[in-house]
2 protein chains.
Amino acid sequence: MQEPTLLLLTALADAPRHGYALIQEVSAISDGRVKMRTGTLYGALDRLLQQGLIEVAAEEVVDGRARRSYALTDAGRGALAAEAERLRAVATEAERRLSVSVARPRVRGAFA
Amino acid sequence: MQEPTLLLLTALADAPRHGYALIQEVSAISDGRVKMRTGTLYGALDRLLQQGLIEVAAEEVVDGRARRSYALTDAGRGALAAEAERLRAVATEAERRLSVSVARPRVRGAFA
DNA sequence: CGGGATGTGCCGGTCGGCGATATATGTAGA
DNA sequence: TCTACATATATCGCCGACCGGCACATCCCG
């Protein structure tokens with residue numbers, strides 16, 4: 001799973017949302033760093049639907065505009081939780097290793 | 001940056017390593033889940049060299065076999081630290097949102 | 001009436017990961 | 001000895017995900 005997809009699942013984790021709202025939510029989550037394009041969005045949405053990680057929660061018309069809302073499935077919830085845990089583990093390991101090498105930039109002599 | 005690349009940088013974070021050792025190290029870091037192929041490895045290594053995130057640390061012959069070691073550059077260290085922090089933030093946000101929706105599976109009435 | 005925000009959707013290009021394949025040496029066992 | 005496996009590096013082509021660009025439609029504001 002790649003980052004845009006992960007951000008998408010995260011944006012759906014607390015409540016169902018429709019496409020356009022997801023773009024804004026992803027931007028908010030990533031502190032404005034990730035501007036999701038509609039090409040990425042709908043492609044990813046189709047993929048996630050097919051994988052059963054999300055489902056269509058509602059299809060309504062608001063102010064004359066069609067709006068389709070998506071929600072996480074239980075499988076999606078599980079996948080997101082697993083992914084989050086894995087990423088945290090990698091991040092922790094990366095930081096641990098970095099601190100080791102920073103503390104000892106190079107070894108010059110034995111036992112020293 | 002994708003996960004294999006992140007794992008590669010992580011594997012280099014505490015000490016320089018050569019290609020084959022990186023495959024094994026990545027496998028160890030990911031608890032055996034990620035089996036890196038040489039196609040992925042050398043492609044990623046070339047990319048990272050070009051981006052200046054890693055550098056060739058040594059080229060030696062051990063037991064008749066050529067061996068090329070790679071090391072993180074300062075830029076690579078910075079990139080890895082930034083990436084780790086970002087991933088941790090996303091993971092935390094994902095887990096926070098999941099716990100919110102699990103605590104309140106659905107809202108049936110107002111103010112209730 | 002024009003422009004910007006809201007809203008969904010497709011298409012083609014690009015890039016990274018992956019499987020397959022090739023080459024070469026050292027080591028262990030039948 | 002011959003065979004198989006671990007060590008070690010490297011290339012190629014395919015595929016899937018992401019991305020920029022585009023199209024289309026409605027609503028609101030000036």
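Data table
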item: Any hit, the range B:78-97, residues being among the β-branched types (Val, Ile, Thr), farther than 20 Å from A:Val90 by Cα and either in a strand (DSSP E or B) or at the interface with another protein chain (Cβ under 10 Å from one of its Cβ atoms) (or both); result: no
item: So A:Val56, is it over 30 Å from B:Ala84 (Cβ atoms), β-branched (Val, Ile, Thr) and either out of contact with any helix residue (DSSP H, G or I) (no Cβ under 6 Å at 6 or more places or on another chain) or touching a residue at least 24 places away in the same chain (Cβ under 8 Å) (or both); result: yes
item: Helices (runs of 4 or more DSSP H) fully within the range A:1-61 counting 3 or more residues that are within 9 Å of DNA strand D (Cβ to nearest atom); result: A:3-12, A:38-51
item: Filter result for the condition that a residue is under 19 Å from B:Val100 (Cα atoms) and either out of contact with any Phe, Trp or Tyr (no Cβ under 6 Å at 6 or more places or on another chain) or surrounded by fewer than 13 Cβ atoms within 10 Å (Cβ to Cβ) (or both), over A:Glu95, A:Glu83, A:Glu3; result: A:Glu83
item: Residue count for the range B:28-79, restricted to those that are surrounded by 12 or more Cβ atoms within 10 Å (Cβ to Cβ), farther than 17 Å from B:Pro16 by Cβ and near DNA strand C (Cβ under 9 Å from one of its atoms); result: 6
item: Qualifying residue in the range B:59-70 (condition: under 16 Å from the mean Cα position of the chain (by Cα), of a type in the set (Lys, Arg) and more than 22 Å from A:Val34 (Cα to Cα)); result: no
item: Selected residue [facing chain B (nearest Cβ under 10 Å) and within 20 Å of B:Arg96 (Cβ to Cβ)] from A:Leu9, A:Leu53; result: A:Leu9
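The numbers here are math on the coordinates, done by the rules we state, and not lab data. Since we're looking at a predicted model, the values are computed, not measured. Here the Cβ is made from the backbone with ideal geometry for all residues, glycine too, and neighbour counts use every protein chain on show.
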